[in-house]
Amino acid sequence: MLLRGLKLGERTRKHYTKEFKFKVAIAAIKGEKPLSELAAEFKVHQTLISNWKRLLMEQGAGVFDTKGQKADQDPVAVSEELVKTIGHQTIQIDWLKKSSGSPSRGEDDLAYSPWAMIGSDEKISIQEQCGLLSLSRSGYYYLPAQETELNLRLLRWIDESPF
């Protein structure tokens, strides 16, 4: 069955205000009408009414606050956390600006490596620096194995052979 203006499989979800949920849950708790009548009156499914009633009885009116916000959150604590987050992001942005200023690369652009941007004397950890640059931290610590003298001689011999 297709609804007008909607494509197959596409539905719009109804969002109810916390005041409406509270009103419906209170009506269900009073028990003056059965759930089927309440569902018809408020135009919501019986399961929703049962869920809202159960939540109201368990957690009180604060249960319907939107986006998981708690009514008893301390605004000072929230603002302190936001200031801390903004300060940390400012440090990250400053580090990225400083590090992205490429060291005098000159004509040899192939020699430039993003690993050269990372340093242990910074205000942020190496793990975080690698994360900001989308590099794996193991690559920072990786040291390539050096060729042995025997391998180098064999490679030279292969290069010089007439095969």
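For 52, 157, 115, what ranking results if the residue with the fewest other Cβ atoms within 10 Å of its Cβ goes first?
Ascending Cβ contact count within 10 Å gives the list 157, 115, 52.
Can you pull the semi-axes for region 18-65, root of five times each eigenvalue of the Cα gyration tensor, sorted largest first, whole Å?
So the equivalent ellipsoid measures 17, 10, 9 Å along its semi-axes.
Where a number appears in this text, it was derived from the coordinates with a stated rule and is not lab data. All figures in this text were calculated on a predicted structure; none of them were measured in a lab. Heads up, the Cβs are rebuilt from the backbone with ideal geometry, glycines too, and the neighbour counts pull from every protein chain shown.
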